[in-house]
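The values are calculated or read from the model by the stated rules, or taken from the named source; none is laboratory data. Computed from a predicted structure; not experimentally measured. Because the Cβ atoms are built from the backbone with ideal geometry, glycine has one as well, and the counts that use them run over all protein chains shown. Side chains included, ligands, DNA and RNA excluded: accessible areas come from the protein's heavy atoms. Shrake-Rupley method; radii C 1.70, N 1.55, O 1.52, S 1.80 Å.
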Amino acid sequence: MENVTIKDVAKYAQVSIATVSRVLNDNYPVSKETKEKVLKAMNDLNFKPNSIARSLKSNITHLIGVVLPDISNSFFMEIIKGIDSILSKEEYSLILSYTDENFEKELNVLKRLSQKRVDAIILASSNIDNEYLDDLIKENIPVVLIDRKIKNSNVDVIVSDDFGSSYMLTKYLIEMGHEDICIVNGNLNVSTGIERYEGFKAAMMDYNIEIKDEFVLNGYYSWEKAYEEVKKLIVDKKKIPSAIFAANNRMAEGTMLVLKENNLKIPDDVSLVTFEEIENQKLIEPKLTCIKQNALLMGKKAGQMILERIKNKETNPKEIVVVSDLIINGSVKKIN
(Lines give C-alpha, C1' and ligand atoms only; values in the text may rest on other atoms or scores of the structure.)
Protein backbone atom coordinates (compact mmCIF):
# COMPACT_ATOMS: atom_id res chain seq x y z
CA MET A 1 0.00 0.00 0.00
CA GLU A 2 1.56 3.30 -1.11
CA ASN A 3 1.19 6.77 0.44
CA VAL A 4 -0.30 5.46 3.67
CA THR A 5 -1.79 8.27 5.75
CA ILE A 6 -2.68 8.71 9.40
CA LYS A 7 -6.30 8.26 8.34
CA ASP A 8 -5.47 4.79 6.91
CA VAL A 9 -3.70 3.80 10.14
CA ALA A 10 -6.63 4.99 12.25
CA LYS A 11 -9.11 3.02 10.16
CA TYR A 12 -6.96 -0.16 10.26
CA ALA A 13 -6.47 0.10 14.05
CA GLN A 14 -10.11 1.12 14.59
CA VAL A 15 -9.17 4.23 16.55
CA SER A 16 -9.51 7.96 15.94
CA ILE A 17 -7.04 10.04 13.92
CA ALA A 18 -6.32 12.02 17.10
CA THR A 19 -5.27 8.80 18.88
CA VAL A 20 -2.80 7.95 16.09
CA SER A 21 -1.41 11.48 16.31
CA ARG A 22 -0.94 11.12 20.07
CA VAL A 23 0.98 7.89 19.62
CA LEU A 24 3.17 9.46 16.94
CA ASN A 25 4.00 12.58 18.94
CA ASP A 26 3.96 10.90 22.36
CA ASN A 27 2.46 14.08 23.80
CA TYR A 28 -0.72 12.73 25.45
CA PRO A 29 -1.32 9.58 27.48
CA VAL A 30 -2.62 6.57 25.52
CA SER A 31 -3.40 3.16 27.03
CA LYS A 32 -0.81 0.44 26.46
CA GLU A 33 -3.31 -1.73 24.58
CA THR A 34 -4.34 1.10 22.23
CA LYS A 35 -0.73 2.11 21.63
CA GLU A 36 0.17 -1.46 20.66
CA LYS A 37 -2.78 -1.58 18.23
CA VAL A 38 -1.65 1.65 16.56
CA LEU A 39 2.00 0.57 16.34
CA LYS A 40 0.96 -2.78 14.84
CA ALA A 41 -1.18 -0.98 12.28
CA MET A 42 1.74 1.26 11.33
CA ASN A 43 3.97 -1.77 10.91
CA ASP A 44 1.41 -3.79 8.93
CA LEU A 45 0.73 -0.89 6.58
CA ASN A 46 4.41 0.13 6.38
CA PHE A 47 3.43 3.61 7.48
CA LYS A 48 6.27 6.18 7.43
CA PRO A 49 5.59 9.41 9.32
CA ASN A 50 6.34 12.69 7.59
CA SER A 51 9.31 13.78 9.70
CA ILE A 52 9.37 17.25 8.11
CA ALA A 53 5.75 17.95 8.99
CA ARG A 54 6.30 16.63 12.52
CA SER A 55 9.37 18.80 13.01
CA LEU A 56 7.43 21.89 11.95
CA LYS A 57 4.88 21.17 14.65
CA SER A 58 7.29 20.20 17.41
CA ASN A 59 10.10 22.66 16.46
CA ILE A 60 12.52 19.70 16.80
CA THR A 61 14.24 18.39 13.67
CA HIS A 62 16.64 15.82 15.20
CA LEU A 63 19.32 17.28 12.94
CA ILE A 64 22.74 18.36 14.22
CA GLY A 65 25.05 20.45 12.05
CA VAL A 66 28.73 19.50 12.18
CA VAL A 67 31.05 22.07 10.60
CA LEU A 68 34.72 21.11 10.19
CA PRO A 69 37.61 22.55 8.17
CA ASP A 70 38.63 19.30 6.45
CA ILE A 71 36.52 16.12 6.57
CA SER A 72 39.15 14.24 4.55
CA ASN A 73 41.62 14.56 7.44
CA SER A 74 41.73 11.36 9.53
CA PHE A 75 41.72 13.44 12.73
CA PHE A 76 38.39 15.06 11.89
CA MET A 77 36.98 11.76 10.61
CA GLU A 78 37.63 10.28 14.07
CA ILE A 79 35.83 13.25 15.62
CA ILE A 80 32.82 12.58 13.38
CA LYS A 81 32.80 8.90 14.43
CA GLY A 82 32.82 9.93 18.08
CA ILE A 83 29.96 12.41 17.62
CA ASP A 84 27.85 9.94 15.66
CA SER A 85 28.42 7.12 18.18
CA ILE A 86 26.62 9.24 20.78
CA LEU A 87 23.97 11.06 18.77
CA SER A 88 22.82 8.16 16.60
CA LYS A 89 21.65 6.35 19.75
CA GLU A 90 19.31 9.27 20.39
CA GLU A 91 18.03 9.15 16.77
CA TYR A 92 19.80 12.35 15.70
CA SER A 93 21.16 12.70 12.17
CA LEU A 94 24.28 14.69 11.28
CA ILE A 95 24.54 17.29 8.52
CA LEU A 96 28.27 17.36 7.70
CA SER A 97 29.86 20.42 6.13
CA TYR A 98 33.48 21.37 5.53
CA THR A 99 34.91 24.85 5.11
CA ASP A 100 38.42 24.21 3.70
CA GLU A 101 39.68 26.86 6.18
CA ASN A 102 37.60 29.46 4.29
CA PHE A 103 35.80 31.77 6.71
CA GLU A 104 33.33 33.15 4.13
CA LYS A 105 32.31 29.60 3.26
CA GLU A 106 31.93 28.85 6.97
CA LEU A 107 29.56 31.79 7.48
CA ASN A 108 27.42 30.64 4.55
CA VAL A 109 27.32 27.09 5.93
CA LEU A 110 26.25 28.31 9.39
CA LYS A 111 23.50 30.46 7.88
CA ARG A 112 22.17 27.52 5.85
CA LEU A 113 22.16 25.28 8.93
CA SER A 114 20.19 27.93 10.79
CA GLN A 115 17.67 28.04 7.93
CA LYS A 116 17.35 24.25 8.07
CA ARG A 117 16.37 24.68 11.73
CA VAL A 118 18.98 22.27 13.08
CA ASP A 119 18.65 21.53 16.79
CA ALA A 120 22.31 22.34 17.47
CA ILE A 121 25.73 22.87 15.84
CA ILE A 122 29.17 21.42 16.54
CA LEU A 123 31.80 23.75 15.08
CA ALA A 124 35.56 23.80 14.46
CA SER A 125 35.81 27.39 13.26
CA SER A 126 38.33 28.69 10.73
CA ASN A 127 38.52 32.06 12.49
CA ILE A 128 39.14 32.94 16.12
CA ASP A 129 36.96 36.08 15.68
CA ASN A 130 33.74 34.41 14.52
CA GLU A 131 31.15 36.99 15.59
CA TYR A 132 28.32 35.09 13.85
CA LEU A 133 28.33 32.82 16.88
CA ASP A 134 26.40 35.54 18.73
CA ASP A 135 23.65 35.39 16.09
CA LEU A 136 23.29 31.63 16.57
CA ILE A 137 23.03 32.10 20.32
CA LYS A 138 20.34 34.76 19.81
CA GLU A 139 18.45 32.30 17.61
CA ASN A 140 18.57 29.87 20.54
CA ILE A 141 20.69 27.34 18.64
CA PRO A 142 23.07 25.52 21.01
CA VAL A 143 26.70 25.46 19.83
CA VAL A 144 29.63 23.33 20.96
CA LEU A 145 33.10 24.32 19.77
CA ILE A 146 35.45 21.43 19.09
CA ASP A 147 39.25 21.50 18.60
CA ARG A 148 39.24 25.29 18.19
CA LYS A 149 38.26 28.19 20.45
CA ILE A 150 36.60 31.48 19.51
CA LYS A 151 37.41 34.75 21.30
CA ASN A 152 34.91 35.86 23.96
CA SER A 153 32.57 32.96 23.19
CA ASN A 154 30.05 31.93 25.82
CA VAL A 155 29.54 28.34 24.65
CA ASP A 156 30.82 24.86 25.46
CA VAL A 157 34.35 24.05 24.22
CA ILE A 158 36.26 20.78 23.78
CA VAL A 159 39.94 21.12 22.87
CA SER A 160 43.36 19.51 23.18
CA ASP A 161 46.20 21.13 25.13
CA ASP A 162 47.75 22.62 21.99
CA PHE A 163 50.22 24.90 23.76
CA GLY A 164 51.46 22.29 26.24
CA SER A 165 51.67 19.51 23.66
CA SER A 166 53.57 21.72 21.20
CA TYR A 167 55.98 22.73 23.95
CA MET A 168 56.52 19.06 24.84
CA LEU A 169 57.20 18.07 21.22
CA THR A 170 59.64 20.97 20.70
CA LYS A 171 61.38 20.19 23.99
CA TYR A 172 61.89 16.61 22.82
CA LEU A 173 63.63 17.85 19.66
CA ILE A 174 65.85 20.17 21.69
CA GLU A 175 66.75 17.43 24.16
CA MET A 176 67.75 15.27 21.18
CA GLY A 177 70.31 17.96 20.34
CA HIS A 178 68.45 19.95 17.67
CA GLU A 179 68.72 23.74 17.41
CA ASP A 180 68.12 24.44 13.71
CA ILE A 181 64.43 23.63 13.98
CA CYS A 182 61.95 24.65 11.30
CA ILE A 183 58.24 24.90 12.13
CA VAL A 184 55.54 24.57 9.48
CA ASN A 185 52.69 26.50 11.09
CA GLY A 186 49.00 25.89 10.58
CA ASN A 187 46.27 28.50 10.18
CA LEU A 188 47.32 31.38 12.44
CA ASN A 189 43.75 32.75 12.36
CA VAL A 190 42.59 29.89 14.60
CA SER A 191 43.39 28.97 18.18
CA THR A 192 45.14 25.69 17.34
CA GLY A 193 47.56 27.40 14.95
CA ILE A 194 48.25 30.22 17.41
CA GLU A 195 48.72 28.01 20.47
CA ARG A 196 50.94 25.44 18.73
CA TYR A 197 53.21 28.21 17.48
CA GLU A 198 53.26 29.82 20.93
CA GLY A 199 54.19 26.48 22.52
CA PHE A 200 57.04 26.09 20.02
CA LYS A 201 58.32 29.61 20.70
CA ALA A 202 58.12 29.16 24.46
CA ALA A 203 60.23 25.99 24.39
CA MET A 204 62.83 27.58 22.12
CA MET A 205 62.99 30.63 24.38
CA ASP A 206 63.30 28.57 27.57
CA TYR A 207 66.32 26.77 26.08
CA ASN A 208 67.81 30.01 24.69
CA ILE A 209 67.62 28.83 21.10
CA GLU A 210 67.23 31.36 18.30
CA ILE A 211 64.18 31.04 16.05
CA LYS A 212 65.44 31.78 12.55
CA ASP A 213 63.02 33.71 10.37
CA GLU A 214 63.62 31.50 7.34
CA PHE A 215 62.65 28.47 9.44
CA VAL A 216 59.17 29.81 10.24
CA LEU A 217 56.86 28.62 7.44
CA ASN A 218 53.10 28.94 6.98
CA GLY A 219 51.49 25.74 5.72
CA TYR A 220 47.96 26.89 6.60
CA TYR A 221 47.00 23.27 7.53
CA SER A 222 47.23 22.43 3.83
CA TRP A 223 49.14 19.49 2.33
CA GLU A 224 49.80 21.49 -0.84
CA LYS A 225 50.80 24.72 0.91
CA ALA A 226 53.22 22.90 3.22
CA TYR A 227 54.77 21.19 0.20
CA GLU A 228 55.30 24.55 -1.53
CA GLU A 229 56.77 26.24 1.56
CA VAL A 230 59.19 23.44 2.45
CA LYS A 231 60.23 23.09 -1.19
CA LYS A 232 61.06 26.81 -1.36
CA LEU A 233 63.18 26.49 1.76
CA ILE A 234 65.12 23.39 0.74
CA VAL A 235 65.30 23.69 -3.05
CA ASP A 236 65.22 27.44 -3.74
CA LYS A 237 66.94 28.81 -0.63
CA LYS A 238 69.03 25.66 -0.14
CA LYS A 239 68.46 25.79 3.63
CA ILE A 240 68.21 22.42 5.33
CA PRO A 241 67.18 22.44 9.02
CA SER A 242 68.23 19.58 11.26
CA ALA A 243 64.57 19.05 12.25
CA ILE A 244 61.13 20.05 11.00
CA PHE A 245 58.04 20.36 13.21
CA ALA A 246 54.83 20.08 11.13
CA ALA A 247 51.91 21.54 13.09
CA ASN A 248 49.46 18.96 11.74
CA ASN A 249 49.40 15.61 9.97
CA ARG A 250 48.48 16.86 6.48
CA MET A 251 51.38 19.30 6.46
CA ALA A 252 53.69 16.49 7.61
CA GLU A 253 52.68 14.52 4.51
CA GLY A 254 53.50 17.45 2.23
CA THR A 255 56.84 17.86 4.00
CA MET A 256 57.67 14.16 3.59
CA LEU A 257 57.14 14.37 -0.16
CA VAL A 258 59.60 17.26 -0.50
CA LEU A 259 62.20 15.33 1.49
CA LYS A 260 61.67 12.23 -0.64
CA GLU A 261 61.93 14.17 -3.92
CA ASN A 262 65.25 15.62 -2.79
CA ASN A 263 66.68 12.33 -1.51
CA LEU A 264 66.73 13.55 2.09
CA LYS A 265 66.23 10.65 4.47
CA ILE A 266 64.33 10.74 7.75
CA PRO A 267 65.98 10.94 10.29
CA ASP A 268 69.52 10.66 8.85
CA ASP A 269 69.35 13.95 6.95
CA VAL A 270 66.33 15.68 8.49
CA SER A 271 64.35 14.74 11.59
CA LEU A 272 60.58 15.17 11.33
CA VAL A 273 57.85 15.38 13.98
CA THR A 274 54.17 16.16 13.63
CA PHE A 275 51.20 17.32 15.66
CA GLU A 276 48.76 14.41 15.19
CA GLU A 277 49.52 11.06 13.63
CA ILE A 278 49.52 10.82 9.83
CA GLU A 279 46.89 8.59 8.26
CA ASN A 280 49.21 5.85 6.97
CA GLN A 281 51.58 5.80 9.94
CA LYS A 282 51.67 1.99 10.02
CA LEU A 283 52.83 1.81 6.40
CA ILE A 284 55.88 4.07 6.63
CA GLU A 285 59.34 3.54 8.04
CA PRO A 286 60.44 5.15 10.20
CA LYS A 287 57.15 6.00 11.86
CA LEU A 288 56.91 9.66 12.83
CA THR A 289 57.30 10.91 16.37
CA CYS A 290 54.07 12.80 17.01
CA ILE A 291 51.53 14.28 19.35
CA LYS A 292 48.59 11.85 19.34
CA GLN A 293 45.27 13.52 20.08
CA ASN A 294 42.28 11.51 21.28
CA ALA A 295 39.94 12.61 18.48
CA LEU A 296 37.38 9.86 19.11
CA LEU A 297 36.99 10.90 22.75
CA MET A 298 36.72 14.56 21.74
CA GLY A 299 33.87 13.64 19.39
CA LYS A 300 32.08 11.60 22.04
CA LYS A 301 32.38 14.45 24.54
CA ALA A 302 30.97 16.86 21.95
CA GLY A 303 27.99 14.56 21.36
CA GLN A 304 27.32 14.31 25.09
CA MET A 305 27.62 18.08 25.59
CA ILE A 306 25.24 18.79 22.70
CA LEU A 307 22.61 16.49 24.22
CA GLU A 308 23.01 18.19 27.61
CA ARG A 309 22.78 21.62 26.02
CA ILE A 310 19.63 20.74 24.04
CA LYS A 311 17.96 19.51 27.22
CA ASN A 312 19.14 22.43 29.36
CA LYS A 313 20.13 25.64 27.60
CA GLU A 314 20.47 27.61 30.82
CA THR A 315 23.48 25.86 32.41
CA ASN A 316 26.86 27.58 32.42
CA PRO A 317 29.18 26.67 29.51
CA LYS A 318 31.99 24.20 30.12
CA GLU A 319 35.51 23.85 28.73
CA ILE A 320 36.96 20.35 28.49
CA VAL A 321 40.66 19.85 27.70
CA VAL A 322 41.46 16.37 26.41
CA VAL A 323 45.01 15.23 27.16
CA SER A 324 47.24 14.25 24.20
CA ASP A 325 50.18 11.85 24.21
CA LEU A 326 53.74 12.20 22.92
CA ILE A 327 54.43 9.12 20.80
CA ILE A 328 58.16 8.64 20.26
CA ASN A 329 59.12 6.72 17.12
CA GLY A 330 62.21 6.62 14.94
CA SER A 331 61.94 9.89 13.00
CA VAL A 332 64.27 11.96 15.21
CA LYS A 333 68.06 11.63 15.09
CA LYS A 334 70.03 12.27 18.27
CA ILE A 335 72.71 14.92 17.76
CA ASN A 336 75.68 14.87 20.13
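Using a probe of 1.4 Å on the protein chains alone, the accessible area found for residue 149 is around 60 Å². Can you give me the Cα centroid spacing of the stretch 180-223 and the stretch 29-48 in angstrom? One Cα centre to the other: 62 Å.
Share of pairwise Cα-Cα distances greater than 16 Å in the stretch 192-246 is 46 percent (whole percent). With all protein chains in place and ligands, DNA and RNA left out, the 1.4 Å accessible area ranks 39, 257, 264, 145 as 39, 257, 264, 145, largest first. With 18 Å as the limit on Cα-Cα distance, the pairs of 239/292; 149/301; 37/89; 151/300 that go past it are 239/292; 37/89; 151/300.
In the assembled protein chains, residue 22 presents an accessible area of approximately 100 Å² (probe radius 1.4 Å). Phi angles of the stretch 88-101 translate, via the Karplus equation with coefficients 6.51, -1.76, 1.60 and θ = phi - 60°, into HN-Hα couplings of 5, 5, 9, 6, 8, 10, 9, 9, 8, 9, 10, 10, 6, 6 Hz per residue; Gly and Pro are given as x. Taking the charge dipole of the chain about its Cα centre, with +1 at Lys and Arg Cβ atoms and -1 at Asp and Glu Cβ atoms, the residue from 219, 140, 178 reaching farthest to the positive side is 140. In the chain, Cα pairs under 8 Å separated by at least six residues give a relative contact order of 18 percent. One decimal place: the segment residue 213-residue 111 gains 32.7 nm when fully extended, by the rule 0.36 nm per residue minus the C-alpha distance. Residues whose amide H comes within less than 5 Å of that of residue 243, counting only those at least five positions distant or on another chain, are 182, 271 (H built at 1.01 Å from N in the peptide plane). Here is the list for the stretch 188-222: GluC sites (Glu not before Pro) lying in DSSP coil, each with at most 12 other C-beta atoms within 10 angstrom of its C-beta, are 210.
Is the chain rounded, prolate or oblate when judged by the Cα gyration tensor, a ≥ b ≥ c being the square roots of its eigenvalues, rounded requiring a/c under 1.5 and prolate requiring a/b larger than b/c? Note, shape of the chain comes out prolate. Separation of the stretch 297-335 and the stretch 90-123, taken as the distance between their Cα centroids, equals 20 angstrom. In straight-distance terms, cross-link reach from residue 40 covers every one of the lysines whose alpha-carbon lies under 20 Å from its own, apart from those fewer than eight places away in the same chain; here that gives 7, 11, 32, 48. Within straight-line reach of residue 287, meaning a Cα separation under 16 Å, sit the following lysines at least 8 residues removed in sequence or on another chain: 260, 265, 333, 334. Solvent-accessible area of residue 87, all protein chains in place: 0 Å² (probe radius 1.4 Å, heavy atoms, ligands and nucleic acids excluded).
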